[in-house]
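Here's the structure we're looking at; comments come further down.
We did not get these values from a lab; they are worked out from the coordinates using the rules stated. Given the structure is predicted, the values throughout are model-derived calculations rather than measurements. Cβ placement follows ideal geometry from the backbone for every residue including glycine, while neighbour counts extend to all protein chains displayed.
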């Protein structure tokens, strides 16, 4: 990193300048300026966080819906196969739930 700023500088100063330059490059890559700009405009930060929360909520709802549909479809498939082991298991689960809820 020899440049016009390091001409005639001691080796220690040159190493310091090189480290400072690497640090500046790392800060630019990390886009620290964008984060600072967000904190300077709290309304924009709140809006981004709100939209991120909405997206997370919609994603969770869609994911649970797809998972529930997959489980229901799998249970229907087991019902079509008429597997006695699965039927007994489901009947036992229903009995346990009814007993816990107080339905005799």
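Is it true that residue 21 is part of a helix (DSSP H, G or I) and surrounded by 10 or more Cβ atoms within 10 Å (Cβ to Cβ)?
Taking the combined requirement at face value, the residue satisfies it.
Looking for whichever is free of Cβ contacts under 8 Å to residues at least 12 places away in the same chain, exposed (fewer than 10 other Cβ atoms within 10 Å of the Cβ) and over 30 Å from residue 34 (Cα atoms) here; the options are 85, 62. Which one fits?
Testing whether each residue is free of Cβ contacts under 8 Å to residues at least 12 places away in the same chain, exposed (fewer than 10 other Cβ atoms within 10 Å of the Cβ) and over 30 Å from residue 34 (Cα atoms) leaves just 85.
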